[in-house]
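Undergrad: Can you read through this structure? Questions will come right after.
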Amino acid sequence: MQSFSYLRPADADAAIAAAAQPGKKYIAGGTDLMQLMKDDVERPAQIVDLDALPYTKIEAGPDALRLGALATMSDVAAHPEVARKYPVIAQALLASASPQLRNMATMGGNMLQRTRCGYFRDTGFACNKREPGSGCPAIHGQNRLLAILGGSGHCIATHPSDLAVALVALDTVLELRGANGATRQVALGDFHKLPGDTPHIETVLQPGELITALVVPASAAARRSGYLKVRDRASFEFALVSAAVALDLDGGVIRDARIAMGGVGTKPWRLPAVEGALRGHQAGDVAFAAAAAQAPEGAMPAVQNAFKVKLMQKTLVRALRTVAA
Amino acid sequence: MRTPSLTRRGLLGRSAATAGGLAVVPLVARAAPEIPATTAPPNPVRTPEMVDVVLQVNGKRLPLAIEPRVSLLDALREQAGLTGTKKGCDRGSCGACTVHVDGRRVNACLTLAIRCQNKAVTTIEGLAAGDTLHPMQAAFVAHDAFQCGYCTPGQIMSAVALIEEGHAHSDGDIREWMAGNICRCGAYNHIVDAVRDVAGQTDTGRG
Ligand SMILES: Cc1cc2nc3c(=O)[nH]c(=O)nc-3n(C[C@H](O)[C@H](O)[C@H](O)COP(=O)(O)OP(=O)(O)OC[C@H]3O[C@@H](n4cnc5c(N)ncnc54)[C@H](O)[C@@H]3O)c2cc1C
Ligand code: SF4
Ligand code: FES
Ligand code: FES
């Protein structure tokens with residue numbers, strides 16, 4: 001790990017002013033940044049510690065759930081109102097990482113965690129995301145875990161977060177704070193960028209801009225929601241494919257559906273066509289299979305990850321069944 | 001493919017990983033008298049990057065001079081001589097480094113020591129009361145819950161936390177909430193037995 005200096009600002013504006021300059025990195029839980037620094041993928045000259053900032057609150061109001069950016073994965077997963085009114089969020093969190101990591105890792109850091117593509121995390125290889133223009137060995141190499149949707153000729157890396165999949169399904173909005181106290185809101189669906197020919201630019205975040213909160217609107221669909229994660233081992237593993245499903249049922253008829261999937265896209269992947277195909281139909285295997293058939297629309301699988309086309313549909317049908325039951 | 005440039009800084013970063021080997025300060029014997037710092041070289045070297053940090057480890061004050069990049073794991077092992085906490089992957093994937101910070105289990109390898117100032121750190125060395133083992137340590141011995149023993153300190157720290165968290169309702173629960181601790185020897189069945197024993201559980205459903 002390269003040497004760095006350490007700063008622990010007392011408030012957000014001091015943190016933002018410090019981090020706006022190049023070579024600076026915020027640290028929240030540190031669970032991703034530490035690993036990336038150990039592997040020389042990130043080489044910041046200074047670490048700006050967010051520990052003293054007041055963004056740890058979890059507020060479940062009548063209209064929305066407001067998650068402070070520094071709330072830990074453990075605390076959000078254990079919050080009774082999250083489990084009751086937004087079960088997909090609690091389930092996605094409990095299916096993530098390990099209990100130790102969840103005690104450390106935060107909401108904001110989770111959105112910004114970087115891909116698990118093995119080439120990206122090994123400086124012995126080329127990688128367009130790590131070193132723009134150096135090439136992408138994954139496209140014709142080890143790509144079993146990588147994306148079938150949203151990729152480009154420059155990068156097919158998967159966004160690894162489970163939480164972001166659940167949150168994007170529920171129309172979550174991020175609250176950001178920039179220089180001079182300026183704040184703005186960005187829908188999570190617009191926050192991550194597709195790789196295109198600039199895979200190193202992953203989000204719309206400006207230098208120094210801080211995520212302060214994640215706001216999830218309450219809805220009937222959020223109450224009837226769930227997360228299904230398919231992986232290579234039963235626990236403590238990233239997703240091969242995952243599904244976040246939220247349904248609003250009127251009798252047996254699907255009034256509203258929110259669907260997003262993980263492990264398949266270069267960003268947390270919302271599926272509006274599948275949602276449209278479900279709305280107005282009787283909940284059941286016929287509608288589920290017909291809608292799931294549209295899930296891989298636009299997929300460009302590589303050699304090793306082609307199995308995800310079918311796995312994606314099966315995972316989605318199983319998740320729909322569970323949530324509708 | 002990129003050839004990494006070999007600057008002194010870069011080379012130190014790679015070979016000494018955390019500079020723990022260079023940056024030893026002999027404050028250990030005073031701070032934790034029951035555990036002598038056997039690994040500490042005699043001559044402390046102070047680099048310009050170093051800062052003074054005071055940790056609270058197992059109820060004792062532990063003043064250190066460390067670079068900001070030093071992990072809690074390396075500070076404990078290389079500087080405090082508390083080698084009970086193990087380094088497996090150094091990347092959060094194995095749980096061998098599990099300690100408690102302010103009562104919560106965390107991976108010491110992914111924690112910067114400098115961020116632990118004013119927080120209470122508990123390691124495996126802090127569990128026993130004198131010669132009396134913590135009930136979880138005793139249960140691991142009674143159930144033969146290890147083979148080589150390398151993962152064991154992390155397993156025990158996790159198991160103690162798991163029971164405090166209230167997650168030991170069934171064997172399935174115990175397995176899921178112990179998932180952050182890998183055992184290469186595959187002592188899992190006996191580990192579950194030990195945890196169940198301490199939790200007062202009788203579920204033998206091997207979930
Ligand atoms: C072994 C292992 C297994 C894992 N398994 C899973 C899994 O199954 N599913 C899953 O979803 N995740 C998994 N993870 C990833 C984990 O969830 C993330 O590392 C974690 O959520 C990152 O949060 P953090 O607070 O630790 O971020 P940090 O490491 O502190 O920061 C990550 C990045 O975000 C930036 N940042 C942090 N907070 C803010 C903020 N408020 N505003 C602006 N920038 C900010 C930092 O500068 C840094 O660039 C795993 C990680 C490990 C190590
Ligand atoms: S898929 Fe993306 S992250 Fe992986 S090697 Fe290619 S460019 Fe790098
Ligand atoms: S050494 Fe920390 S998790 Fe493996
Ligand atoms: S006892 Fe050997 S690794 Fe667990």
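Undergrad: Any chance the stretch A:111-119 includes a residue that's hydrophobic (A, V, I, L, M, F, W, C), within 11 Å of another protein chain (Cβ to nearest Cβ), surrounded by 23 or more Cβ atoms within 10 Å (Cβ to Cβ) and not in a loop (DSSP other than H, G, I, E, B)?
TA: First, the residues of the stretch A:111-119 that are hydrophobic (A, V, I, L, M, F, W, C): A:111-112, A:117.
Now drop any that are not within 11 Å of another protein chain (Cβ to nearest Cβ), which leaves none.
No, there is no match, as no residue in the stretch A:111-119 is hydrophobic (A, V, I, L, M, F, W, C), within 11 Å of another protein chain (Cβ to nearest Cβ), surrounded by 23 or more Cβ atoms within 10 Å (Cβ to Cβ) and not in a loop (DSSP other than H, G, I, E, B).
Undergrad: Checking the condition more than 15 Å from ligand 1 (Cβ to nearest atom) and either crowded, with 24+ Cβ neighbours inside 10 Å or of a type in the set (A, V, I, L, M, F, W, C) (or both), which residue from A:A179, A:A157, A:A187, A:A105 passes?
TA: Values: A:A179 fails: more than 15 Å from ligand 1 (Cβ to nearest atom); A:A157 fails: more than 15 Å from ligand 1 (Cβ to nearest atom); A:A105 fails: more than 15 Å from ligand 1 (Cβ to nearest atom).
Going through A:A179, A:A157, A:A187, A:A105 in turn, just one is more than 15 Å from ligand 1 (Cβ to nearest atom) and either crowded, with 24+ Cβ neighbours inside 10 Å or of a type in the set (A, V, I, L, M, F, W, C) (or both): A:A187.
Undergrad: Might you check whether a residue that is over 18 Å from A:R318 (Cα atoms) and touching a residue at least 24 places away in the same chain (Cβ under 8 Å) occurs anywhere in the stretch A:236-245?
TA: Restricting attention to the stretch A:236-245, the residues satisfying the condition of being over 18 Å from A:R318 (Cα atoms) are A:236-238.
Now drop any that are not touching a residue at least 24 places away in the same chain (Cβ under 8 Å), which leaves A:236, A:238.
Checking the stretch A:236-245: at least one residue is over 18 Å from A:R318 (Cα atoms) and touching a residue at least 24 places away in the same chain (Cβ under 8 Å).
Undergrad: Oh, and also: If B:D197 passes every condition in (1) more than 23 Å from B:A80 (Cβ to Cβ); (2) crowded, with 19+ Cβ neighbours inside 10 Å; (3) not aromatic (F, W, Y) but one, which one does it miss?
TA: (2)
Undergrad: Does the stretch A:51-63 hold any residues that are buried (at least 17 other Cβ atoms within 10 Å of the Cβ), among the hydrophobic types (A, V, I, L, M, F, W, C) and in contact (Cβ under 8 Å) with a residue 40 or more places away in the chain, and which are they?
TA: Result: A:L53, single match.
Undergrad: Can you tell me which of (1) within 16 Å of ligand 1 (Cβ to nearest atom); (2) surrounded by fewer than 24 Cβ atoms within 10 Å (Cβ to Cβ) is the one B:G81 doesn't meet?
TA: (1)
Undergrad: Also: Among the residues of the stretch B:95-106 satisfying the criterion of being under 9 Å from B:L72 (Cβ atoms) and within 13 Å of ligand 1 (Cβ to nearest atom), which is farthest from the other protein chains (Cβ to nearest Cβ)? Steps first, please.
TA: First, the residues of the stretch B:95-106 that are under 9 Å from B:L72 (Cβ atoms): B:97, B:99, B:101, B:106.
Among the residues that remain, those that are also within 13 Å of ligand 1 (Cβ to nearest atom) are: B:97, B:106.
Numbers: B:C97: 9, B:V106: 5 Å.
Selected residue: B:C97.
Undergrad: Here is a further query. Which residues, taken from the stretch A:206-230, are within 16 Å of ligand 1 (Cβ to nearest atom) and under 15 Å from the mean Cα position of the chain (by Cα)?
TA: A:I211, A:A213, A:L214, A:V215, A:Y227, A:L228, A:K229
Undergrad: A:A15: surrounded by fewer than 17 Cβ atoms within 10 Å (Cβ to Cβ) and away from chain B (no Cβ under 14 Å), yes or no? Lay out the reasoning, then the answer.
TA: Numbers: surrounded by fewer than 17 Cβ atoms within 10 Å (Cβ to Cβ): no; away from chain B (no Cβ under 14 Å): yes.
Considered against the rule, which asks whether it is surrounded by fewer than 17 Cβ atoms within 10 Å (Cβ to Cβ) and away from chain B (no Cβ under 14 Å), A:A15 comes out as no.
Undergrad: While we're here: Could you figure out which of (1) free of Cβ contacts under 8 Å to residues at least 60 places away in the same chain; (2) of a type outside the set (S, T, N, Q); (3) within 11 Å of another protein chain (Cβ to nearest Cβ); (4) farther than 24 Å from A:R43 by Cα isn't true of B:D74?
TA: The failed condition is (4).
Undergrad: List the pairs whose first member sits in the stretch A:14-38 and is without any contact (Cβ under 8 Å) to a residue 12 or more places away in the chain, whose second member is in a helix (DSSP H, G or I), and whose Cβ atoms are under 6 Å apart, counting only residues at least 6 apart or on separate chains?
TA: Close Cβ pairs satisfying both conditions: A:M34/B:L110.
Undergrad: Oh, and also: Return the residues of the stretch B:193-202 that are out of contact with any His (no Cβ under 7 Å at 6 or more places or on another chain) and either touching a residue at least 24 places away in the same chain (Cβ under 8 Å) or within 14 Å of chain A (Cβ to nearest Cβ) (or both); say none if nothing qualifies. If you could, list the steps in order and put the result at the bottom.
TA: Just the residues of the stretch B:193-202 that are out of contact with any His (no Cβ under 7 Å at 6 or more places or on another chain), to begin with: B:195-196, B:198-202.
Answer for the stretch B:193-202, where residues must be out of contact with any His (no Cβ under 7 Å at 6 or more places or on another chain) and either touching a residue at least 24 places away in the same chain (Cβ under 8 Å) or within 14 Å of chain A (Cβ to nearest Cβ) (or both): B:V195, B:R196, B:V198, B:A199, B:Q201.
Undergrad: Identify, please: which residue in the stretch B:123-175 is of a type in the set (D, E) and either under 24 Å from B:G81 (Cα atoms) or in contact with a Gly (Cβ under 6 Å, 6 or more places away or on another chain) (or both) and is, among those, farthest from ligand 2 (Cβ to nearest atom)? Don't jump to the end; show me each part of the working.
TA: The initial filter retains those residues of the stretch B:123-175 that are of a type in the set (D, E), namely B:125, B:131, B:144, B:164-165, B:171, B:173.
Then keep just the ones that are either under 24 Å from B:G81 (Cα atoms) or in contact with a Gly (Cβ under 6 Å, 6 or more places away or on another chain) (or both); that gives B:125, B:131, B:171.
Working: B:E125: 41, B:D131: 53, B:D171: 39 Å.
Out of the qualifying residues, it is B:D131.
Undergrad: Here's a follow-up. Can you name the helices (runs of 4 or more DSSP H) wholly within the stretch B:121-192 that have at least 1 residues being more than 12 Å from ligand 4 (Cβ to nearest atom) and away from chain A (no Cβ under 14 Å)?
TA: Working: elements: B:135-142, B:152-165, B:171-177.
Once the helices (runs of 4 or more DSSP H) in the stretch B:121-192 are filtered for at least 1 residues that are more than 12 Å from ligand 4 (Cβ to nearest atom) and away from chain A (no Cβ under 14 Å), what remains is B:135-142.
Undergrad: Which of the following residues is within 12 Å of chain B (Cβ to nearest Cβ) and within 16 Å of ligand 2 (Cβ to nearest atom): A:L36, A:L101, A:L7, A:L94? Write out each step before concluding.
TA: Numbers: A:L101 fails: within 16 Å of ligand 2 (Cβ to nearest atom); A:L7 fails: within 16 Å of ligand 2 (Cβ to nearest atom); A:L94 fails: within 16 Å of ligand 2 (Cβ to nearest atom).
Going through A:L36, A:L101, A:L7, A:L94 in turn, just one is within 12 Å of chain B (Cβ to nearest Cβ) and within 16 Å of ligand 2 (Cβ to nearest atom): A:L36.
Undergrad: Restricting attention to the stretch A:72-82, and to residues there that are more than 14 Å from every other protein chain (Cβ to nearest Cβ) and aliphatic (A, V, I, L, M), which single residue is farthest from A:L170 (Cα to Cα)?
TA: The selected residue is A:V76.
Undergrad: May I pose another question? Return the residue satisfying two criteria in turn: it lies in the stretch A:211-258 and is among the small types (G, A, S) and assigned to a loop (DSSP other than H, G, I, E, B), and of such residues it is farthest from B:S93 (Cα to Cα). Even if it seems obvious, please write down each step before you answer.
TA: Kept after step one, since they are among the small types (G, A, S), are these residues of the stretch A:211-258: A:213, A:218-222, A:225-226, A:234-235, A:239, A:242-244, A:246, A:251-252, A:257.
Among the residues that remain, those that are also assigned to a loop (DSSP other than H, G, I, E, B) are: A:218-219, A:234-235, A:239, A:251-252.
Details: A:A218: 35, A:S219: 36, A:A234: 15, A:S235: 12, A:A239: 15, A:G251: 45, A:G252: 43 Å.
Applying the filter and picking the extreme gives A:G251.
Every number in this text was worked out from the coordinates using simple rules, so none of it is lab data. What you are looking at is a predicted structure, and each value in this text was computed from that prediction instead of being measured. Note that each Cβ is placed from the backbone with ideal geometry, even for glycine, and that neighbours are counted across all protein chains shown.
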